[in-house]
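The block underneath contains the structure these notes are about, expressed in C-alpha cells.
The values are calculated or read from the model by the stated rules, or taken from the named source; none is laboratory data. What you see is a predicted model; the values in this text were computed from it and never measured. Please note: Cβ atoms are built from the backbone with ideal geometry, for glycine as well, and neighbour counts cover all protein chains shown.
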Amino acid sequence: MSTMTINGRVAPLPDDIDAMLIDVVRTDLDLTGTKLVCGAGVCGACTVLVDGAPVASCLMPARAAAGKTVTTVEGIGTEKLHPVQKAFMVHDALQCGFCTPGFIIEAAAFHDRWRATKGTATPSREEIGAVLSGHLCRCGAYDGIFSAVAAACSGQFDGGDIVSPRVEARDKVTGAAKYTVDINHEGQLEGVILRSEIAHGKIGELDFAPALALPGVGAAISLLAEDRIVRFVGQPIAAVAARDRKTALAAIAAIKVSSEKLPSVIGLDEARKPNAPVVFEKADRKKAGNVSEGAGAPAPWKANIRGPSAAFSLKPKQVRSWVESARQEKNPLLVEGVFRTGTQSHTCLEPHATVAHFEGDRLTVHASTQSVFHLMELIAKRYKLDHDKVRVIADHVGGGFGSKASLGAETTIAIDLARAANAPVRVAFDRHEELSVTGYRPASEVKLALLPSEQGGLKALSVTAYADTGAAINSTIATLARLIYPAEGKELADFDVISNLPPGAAFRGPGGPPMAFAVEQAIDEAALRMKVDPIELRKRWDTDPNRRRLYEWAQGLDVWRNRKSPAEQTGRYRRGVGVATGYWLYLWQPGSKVEVSVKGGRLIASTAIQDIGTGSRTVIANTVAREFGLEPHEVEVHIGDSKLPVGPGSGGSRTTASVVPPTLLAIQKLKAAIEKNAKQKPAPGSNAPWRELLAASPDLTASGVRPEDSRQMAPGIESPLKQVGILGWIFGKMMRWMSNMVIGAGVPSSVQVIEVEVDTWLGHVRVLNVHTGIAVGKIAAPALARSQAAGSVIQGIGYALYEAREIDGRTGDTLSGGLEDYRIPGIADTPVIDVHFDEAGFDHVLGGSVGIGEVATVPTSPAVANAIYNATGIRPMDLPIRPDRLISALKGRAAA
Amino acid sequence: MTPAMTTEFRAAGTDLSERRRSGVSKGPLMDIVPASDISGMHWGADGTLRIGAYTTIAMIAADRSIAAAYPGIAASAQGLATPQIRHLATLGGNIAQRSRCWYFRNPHIACLKKGGTDCPARSGNHLYHVAFDLGPCVAPHPSTMAAALLAYDATIITYTRSGLSIPDVLGDGSNGTADNLLQPGEMIRGIELPKPMQDERAFYKRAISRAYAEWPLVEICARAVVKDGAFQFIRLAAGGIAPVPLRLKAAEGALQGKAANALNIEVAAKFATSGAKPLPMTGYKLDLLEGVVRDVLEKLAA
C-alpha cells in the first residue's frame, strides 16, 4: 500500500484507481476544511498543496499522491495563524466561508513565494488577480481578498494578535467551520437521486430489486407522486441510500425504469405558442413552484400562461391610449423597447445538502438552509411530528441567495431515506444538480414604453413582463415598477410562462434586477432625449427621500462629472460611465425572538437565526457588545439551531431588521435585572461599569420579541405600499398573514455609478470602478455591510456580463451544468468598489437598521448597460452582455 | 466495443477525472508511469527542443529558456486553465484531451464521440462551437497547446511513430468520432520543436468573456519575423474555431513580405476568416477572430 505525508503525518492511499485525492482527504481522513464544489477544477475550493504547489484535489488521482507531501488548510497555521489567515480575518475577505480554505491555501503559497523573493513589497492587484484566477467566490468577497493578500505580502500580519470584524472568521480561515456537507455520523449512508431524463412523461413501474441486491445498499425509495408524471429533466424519480456515493450511484444505475414520453414544451417562446403542450392541467397547478419571497396573489391562468398580474397598475387604459397617440405622433420622447434578461443560477458553493438522523422518535436534521426555524416547522408539519421532536441545525451555511429558503428535495429525500434505511443519511447535490434543479432567477422578456409629459414630468410607464419560470409561477417584475417613479399612469402586467423546465425560485431581490435593467435604461434614454443629466432627471421623477440624498452624493462624484459622451470616443478601447437606481422592500419578521443571558459573567445571545454568510452572527454580537461597552468577540452568540428562540429566515433582507430590535429589548430587560441583582454599584467614574456588573452578576436571562415600528417617521418616509392605495394595504396584510413578513415604512435604496471599458475588437467589457451608494439606515456591522455591498455589486456584474443558464431547446437538458459553462465572476473581474452608506431614514426602526442584501444588487446590471451605452452608443437590450452579443451589435449584425 | 470502452491512458487526470466522476468515461484506465524520458526539457545541440509528454504545463509556462526561444509556447501555457490545473496537467494530456462540448460531457446525451449517430450540438445549442464547420462534429478542439505547436511546426513523437505533424495527430476535422487520430494503445511520448528563427517574436491572445480561466471563444498563437518594416515570416494558428487547430493561411499569405503597417494588418485580419463556415449561433466568432488577429499582428508590428 502506498502512502503520502499529509499535514506532517503519514496516511495510506487507497488502491481504487478512481479514488481522488479529495476523497481521501475529506472522507478517509475527515479533513473537511477542503471543500468539493465543482468537481471539475474550475472553482479552486478543493485546492491543497502537493509538494508545495497548489493543485485541484478533486481531479488529482489519489494514487498520484504516493510519496508526496500534502498540506490541507488544517495544516496551515496549526501552531499559529499564517499571516494570510490573519489578513483574511481582519480584511473580512470572506462571507459564507465555503471557498475560503481554497483561497487560503493558494494565497498562503503565493505569500510564501513572494516573501522569499520580494521581501515586503506589495503585489499589484493584477498579480493577485492572476494568481487567484483559479478560485471562485459566489458571495463576492474579492474586494477584501485583494486587500488581505496585499497586506499579508507586505508584512502587515507577521506578528501580533488580531481582531476580526466577523466573529466566526477564525473557524472559516482554518477550515474548522463545519457545514452540512461535513457532518459525518456513525453509520451514515449517502443518498443519491435518480432523476428524469425526459422533460415530460409518465414513469412506469420501478424495479428496485437489482439495486437492493447490491452490497452496501440500505434503502431504495420511489419519489413519484400518484400520477407518476415528471415535468422537467432532473425531476426526482427515486432515491437510494448506500454506504458510499460510488455504491449509491451503482444502485441508481441498477434501478429499472420504464417511461412513456409525453409532449413537452421548452422555454419562453415555445410555451407561448397557441398549440403548445400544457405543462400543468388545472388539477395539478398546486405542484408549481414559486419564484417570489412571499405567497402569490391569484391570477388568471390559461394553458401555460399565468397572468396578467396587473393589480399594481394605475389608469392602464389611459396609459395605453397616451402611448398609442405618442407613437402616432412620432413623439421623440417616447422610449420603447423590448429588453431580455438571462436565467441566473444561485450557484451556492455549498450545494443543497441535508443530513437526517433519527434517534428513536426524535429527528435531527443538519441542513444547508436559510431558515432553521421555519424548516423545522415545515418538516414537523409534513411528517406530522411535534416541534420538540424535530431539530434543525446549521452552524455554517455555504451560501443561499434565495435558493435554500424552503423545504427542498434534499431534505425530504434525506429524511425519507433515513427512515427507510434506519440509518443517518446525507444527501448532497452534485454541481450539475445544483446548476439545473435548485432554482434560478427566471429569464424574462420585458416590453417597455415610457412617456415623459410636455412639462418634463413622467406621464406614463408601461411594463409588460413575461418570465421564463419553468415549472413555477409568481414572477413580479412589472409589479415592482409601481413603487418607484410616480407617474400619471402605469400599465403593469406580469406573466409567468410555464414550460417543461425545472422550476425557478426566489433569487436575491426577485423581479428587481430585470425590472431595473429595463426601466433604468429607459430613464437613461429619456434623459438623453430630453437633454437632461440622467441623475438630474431621476431627482425630478423620484420622490423618495432616501434616494434623493443618494442622488446628491452621486452627482458629486468626479467620475460622473467628468464623463464624456459616446460621440467623443474613437479607437479600440472606449470608456463610459453609467448610473442606475434600485430599491427593495424593508421587510421584517414578526415574532422574532432573541434571548440575552449572563452566565458565569459572560454574555450569551441566542436566537434560531442562521448565518448564510451575510453576518447575522456578527450583527447580534455587535449589538450586544455595543450596549454593554464590550468587544464583539466577548459576546457568545448561539444561532443555527431550531431549539433556540424563534428566529427569522435569511430571505427578503429581513434578518437585521428582525433581530436587532428584539436584541435591544432583551438587553434593556437584562440590564435592569443585572442592576437589580447587583450587590454593589460600579465604582463611580468607572469606564467599564457593565464589565464590572457582569463579572459580579448571578446568571440571568431576558428575552425580547420584535416590536412594531414607531409611527414617528422622518418627513416623506412612509410605506411604499401607500402609493398603491387599498390594494397596497391588502397586499401588505397578505404578506403578513401568509408569509409572516411585514413590509415596513421607508424604502431601502441604492444608487450606483459605474465606469466600464469596452474592447470594441473583442466585445469585452471590463468594469473599472463602481461607486455604490446605499441607504439602509444605521450600519450594524460596518465591515460586513461593506462586504455585502461589494459582493452584491460583483454578483450584479455576473448578471450583467457573464451569467446565463444554457439549455437544449428540444430536450430541456441543462447544458451549463458545470462551473466552466455557467460563468460567475472571478477575482480579476472585480472593479475598484467605493461604498457609501447614508445612514438616515430608518429612525422609526428600533436600532435604526434594515437589511442590505438585496437592494445592493438591483441597480448593477442597468448601470453597467448605461455605461456601455455611454462608451459606445450601443444600447444593450439583452443580458448577459457577452462578447458574442456585444461584438455583433458593434458590427451592426443580429446576434444569435 | 464503443470508443468509451477502450483503455484510456491517464497522465495527471485533469480532464479524465471529471469524465470519470460524471460517468462519461467508464472503461478501463491505465496510469502512465512518468519515466525520465517523457518528463522535462531536452535541448538539442542544434538548437531544437524536445519536451517530454509528461512535462507539466506549469513547468513549460515558467521555463525561461522556452520563453526566450519559443515565446508563443510559453504564453499559451501561461494562458490556459488555472494555476491549480497547470501544476498538474501535462503537455501530452493537453494534446490528447477530450472535447469540452456540453453535449459530449453530459453522460445522458448521445453524440458522435460517444458512439451516437449524430451531433446534437449542430441542431441544438452550439453557442461555443465551431465557426469553421469542417466535419460532422461541431465541437472546437480544446487543446491550446496544440494550436501553439502548430504555429511552431512542432512534431509529435509517440511510442510507435515519430515526426508526426499536428494535423497527422489531430486530423482535419472530417472524423467526428474522435478527438485525435492516435491508434488504440498509442501514447504521446513528447514533442519536438525546430530551432527558432533569428529575431522571431510571438504572441498569444484569447478572447473570453471574463478576465481569466475560461475556454477560449477564439484563441491565436502568432509568430513573425518583422525586419526592415516588413513581415519576413508570419505564422498564425487559431484555436476555438474549428474541430482542429487551424493555420490561417490566407491571412499569412496576405502579410508575407508585406509592410508591417496598419492597413496591411487590417486586410490580413479580414483574410483570417477565409474559408469559415459559421453555424447559426457562431457567426460572432468570426468577428472575434478578426479582432484577435489584429491584436497580435499589431503587437508583432510594434
Exercise for the section: Report, ordered by the first and then the second residue, all pairs with beta carbons closer than 9 Å, sequence separation of six or more or different chains, a first member in the range B:22-45 that is touching a residue at least 24 places away in the same chain (Cβ under 8 Å) and closer than 30 Å to B:Gly115 by Cβ, and a second member that is outside any loop (DSSP other than H, G, I, E, B) and among the β-branched types (Val, Ile, Thr). Expected result: B:Ile32/B:Ile38; B:Ile32/B:Thr90
Exercise for the section: Return the only residue of B:Ala260, B:Ala222 being touching a residue at least 12 places away in the same chain (Cβ under 8 Å), away from chain A (no Cβ under 14 Å) and either within 15 Å of the chain's Cα centre (by Cα) or within 18 Å of A:Trp761 (Cα to Cα) (or both). Expected result: B:Ala222
Handout entry: the range A:808-838, residues that are more than 7 Å from chain B (Cβ to nearest Cβ), within 19 Å of B:Tyr128 (Cβ to Cβ) and not in a loop (DSSP other than H, G, I, E, B)
Key = A:Thr814
Fill in the blank from the handout: The residue from A:Gln752, A:Gln723 that alone is in contact with a Pro (Cβ under 9 Å, 6 or more places away or on another chain) and buried (at least 24 other Cβ atoms within 10 Å of the Cβ) is A:Gln752
Handout entry: Boolean, A:Thr180 is hydroxyl-bearing (Ser, Thr, Tyr) and surrounded by fewer than 22 Cβ atoms within 10 Å (Cβ to Cβ)
Key = no
Problem - Test set (1) more than 34 Å from the chain's Cα centre (by Cα); (2) in a loop (DSSP other than H, G, I, E, B) - A:Met4 fails condition number - result: (2)
Exercise for the section: Check whether at least one residue in the range A:782-794 is in a helix (DSSP H, G or I) and within 14 Å of chain B (Cβ to nearest Cβ), and report yes or no. Expected result: yes
Handout entry: Residues (in contact with a Leu (Cβ under 8 Å, 6 or more places away or on another chain), within 26 Å of A:Pro748 (Cβ to Cβ) and either without any contact (Cβ under 8 Å) to a residue 60 or more places away in the chain or of a type in the set (Ser, Thr, Tyr) (or both)) located in the range A:482-534
Key = A:Tyr485, A:Ala527
Problem - Residue satisfying condition, being part of a loop (DSSP other than H, G, I, E, B), aliphatic (A, V, I, L, M) and surrounded by 23 or more Cβ atoms within 10 Å (Cβ to Cβ), within set A:Ile868, A:Ile852 - result: A:Ile852
Exercise for the section: Would you be able to say whether some residue in the range B:269-277 is touching a strand residue (DSSP E or B) at 6+ places or on another chain (Cβ under 9 Å) and either within 11 Å of chain A (Cβ to nearest Cβ) or assigned to a helix (DSSP H, G or I) (or both)? Expected result: no
Exercise for the section: Could you tell me which residue of the range A:668-690 is farthest from the chain's Cα centre (by Cα), considering only residues that are charged (D, E, K, R) and closer than 19 Å to A:Gly704 by Cβ? Expected result: A:Lys676
Practice task
Scan the range A:849-896 residue by residue and report those that are within 14 Å of chain B (Cβ to nearest Cβ) and on the phi > 0 side of the Ramachandran plot.
Solution key: A:Gly892
Fill in the blank from the handout: Only unsatisfied item for A:Thr772, checking (1) outside any helix (DSSP H, G or I); (2) closer than 20 Å to A:Ser292 by Cα; (3) of a type in the set (Ser, Thr, Tyr), is (2)
Practice task
Select from the range A:436-470 the residues that are outside any strand (DSSP E or B) and buried (at least 22 other Cβ atoms within 10 Å of the Cβ) and list them in ascending order.
Solution key: A:Ser436, A:Val437, A:Thr438, A:Gly439, A:Pro442
Problem - Residue among B:Gly72, B:Gly52 that alone is more than 23 Å from A:Asp51 (Cβ to Cβ) and in contact with a strand residue (DSSP E or B) (Cβ under 9 Å, 6 or more places away or on another chain) - result: B:Gly72
Practice task
Give, as residue ranges, the helices (runs of 4 or more DSSP H) completely inside the range A:491-591 that count at least 2 residues that are in contact with a Gly (Cβ under 6 Å, 6 or more places away or on another chain).
Solution key: A:545-555
Practice task
Could you tell me whether any residue of the range A:681-694 is modelled with pLDDT of 95 or more, touching a His at 6+ places or on another chain (Cβ under 6 Å) and on the phi < 0 side of the Ramachandran plot?
Solution key: no
Exercise for the section: Within the range A:290-343, count every residue that is among the charged types (D, E, K, R) and part of a loop (DSSP other than H, G, I, E, B). Expected result: 4
Fill in the blank from the handout: Contact list, first residue from the range A:748-761 and within 14 Å of chain B (Cβ to nearest Cβ) and of a type in the set (Val, Ile, Thr), second anywhere and in a strand (DSSP E or B) and surrounded by fewer than 24 Cβ atoms within 10 Å (Cβ to Cβ), beta-carbon distance below 6 Å, six or more apart or interchain, is A:Val758/A:Arg574
Fill in the blank from the handout: Within the range A:122-147, restricting to residues that are under 13 Å from A:Ala107 (Cβ atoms) and of a type in the set (S, T, N, Q), the one that is nearest to the other protein chains (Cβ to nearest Cβ) is A:Ser133
Completion exercise
Of the conditions (1) within 21 Å of A:Glu168 (Cα to Cα); (2) crowded, with 24+ Cβ neighbours inside 10 Å, the single one that A:Tyr586 does not satisfy is (1)
Practice task
Return yes when A:Leu557 is farther than 30 Å from A:Ile379 by Cα and touching a helix residue (DSSP H, G or I) at 6+ places or on another chain (Cβ under 8 Å) and no when it is not.
Solution key: no
Handout entry: Filtered residues of the range A:371-401 (kept if within 30 Å of A:Gly796 (Cα to Cα) and part of a helix (DSSP H, G or I))
Key = A:Val372, A:Phe373, A:His374, A:Leu375
Handout entry: Subset of the range B:216-245 [surrounded by fewer than 21 Cβ atoms within 10 Å (Cβ to Cβ) and in a loop (DSSP other than H, G, I, E, B)]
Key = B:Asp228, B:Gly229
Handout entry: Single unsatisfied condition, A:Ser259 versus (1) crowded, with 17+ Cβ neighbours inside 10 Å; (2) closer than 30 Å to A:Leu214 by Cβ
Key = (1)
Completion exercise
Here the residues within the range B:278-302 that are of a type in the set (Val, Ile, Thr) and either closer than 17 Å to A:Lys891 by Cα or more than 13 Å from chain A (Cβ to nearest Cβ) (or both) are B:Thr282, B:Val292, B:Val293
Handout entry: Residue within the range A:818-837 that is acidic (Asp, Glu) and within 22 Å of A:Trp553 (Cβ to Cβ) present
Key = yes
Exercise for the section: Mind listing just one residue for me: the one in the range A:788-839 that is crowded, with 24+ Cβ neighbours inside 10 Å and polar (S, T, N, Q) and, of those, farthest from A:Gly504 (Cα to Cα)? Expected result: A:Thr830
Practice task
For A:Arg893, indicate whether it is surrounded by fewer than 24 Cβ atoms within 10 Å (Cβ to Cβ), in contact with a Gly (Cβ under 8 Å, 6 or more places away or on another chain), part of a loop (DSSP other than H, G, I, E, B) and in contact (Cβ under 8 Å) with a residue 12 or more places away in the chain.
Solution key: no
